[in-house]
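Trainee: Encoded as structure tokens, here's the structure I'll be asking about.
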Amino acid sequence: MATPVTAAAAANVFVQALRDAWASTTLGVPASVTPAAATATDAPGWLVTARVSGVANGALTAWFERGGALACATRLLALETTAADDAVGPVLSSLVAQAISAVETNTDLAGLIVTEPVVQAGSAPRGGQILDASWADGVSCRFGGLAELSSASATDNASLAADGRLDAVMDVDLPLVVRFGRTVMPLRAVADLS
């Protein structure tokens, strides 16, 4: 039997994936990443949220402090002036999308289905892991992540799997032999006979 996916496990994988996602950017691997002094902050920033379904339901939320996100976006977009707020969203969304890919392929989180991330302004979520990242060239960003998940019930999972498999064969024509004769009809029509 598979181990249930917990919010703590998902949060750990998600935050580590966020750390690793920086490496694929032109900023590269941060010179240092340390836990932030305050675990919750009311500083303005961006929330990047992706809905989760499958073996658990809920959301993965990443948060990026405004000043650091602007500095990183400015550098990543190779701008000579500070990036506009509307330019930051796609940068953060791309970064989180990479982290989501790592979450979906992690064997400990098998069965999670994560939607595309949505960006909006907001403060750091309470209870999330918050980190300070800095690069050798002086750019820094405070970011973090939170997983809010509840286990999907066994009947939800079974019905999702059964519906998906059953839909694949419901319109297949199968021969049906009846005592009074013979006919060809879709499986859905046979199911409707009962």
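The values are calculated or read from the model by the stated rules, or taken from the named source; none is laboratory data. What you see is a predicted model; the values in this text were computed from it and never measured. We place every Cβ from the backbone using ideal geometry, glycine too, and count neighbours over all the protein chains shown. Just so you know, the surface numbers come from the protein's heavy atoms only, side chains and all, with ligands and any DNA or RNA stripped out. Shrake-Rupley method; radii C 1.70, N 1.55, O 1.52, S 1.80 Å.
Trainee: From the list G28, G68, G89, which residue is closer than 21 Å to G138 by Cβ and modelled with pLDDT of 90 or more?
Mentor: None of the other options fit; the residue is G68.
Trainee: In the list T6, T74, which residue meets the criterion of being of a type outside the set (D, E) and closer than 23 Å to D137 by Cα?
Mentor: Answer to the selection: T74.
Trainee: Report every pair of residues separated by at least 6 positions or lying on different chains whose Cβ atoms are under 6 Å apart, first residue within the stretch 107-118 and among the small types (G, A, S), second modelled with pLDDT of 85 or more.
Mentor: Pairs that qualify, where the first residue is among the small types (G, A, S) and the partner is modelled with pLDDT of 85 or more, are G111/G54; G111/V55.
Trainee: Here's another thing I want to ask about it. From G68, G89, G58, grab the single residue that is touching a residue at least 60 places away in the same chain (Cβ under 8 Å), under 18 Å from G122 (Cα atoms) and small (G, A, S).
Mentor: Numbers: G89 fails: touching a residue at least 60 places away in the same chain (Cβ under 8 Å); G58 fails: under 18 Å from G122 (Cα atoms).
None of the others qualify; the one that does is G68.
Trainee: Find all pairs meeting these conditions: Cβ atoms under 9 angstrom apart; at least six residues apart or on different chains; first residue within the stretch 10-25 and acidic (D, E); second residue part of a helix (DSSP H, G or I) and open to solvent by less than 50 Å² (accessible area, probe 1.4 Å).
Mentor: Matching pairs, first to second residue: D20/A99; D20/A102.
Trainee: In the set A17, A11, A43, A21, which member is at pLDDT 85 or above, within 17 Å of Q129 (Cα to Cα) and in contact with a strand residue (DSSP E or B) (Cβ under 6 Å, 6 or more places away or on another chain)?
Mentor: Going through A17, A11, A43, A21 in turn, the sole match is A11.
Trainee: Can you tell me which residue in the stretch 110-129 is surrounded by the most Cβ atoms within 10 Å (Cβ to Cβ), limited to those that are of a type in the set (V, I, T) and within 13 Å of W46 (Cα to Cα)?
Mentor: Once the filter is applied, the top-ranked residue is V119.
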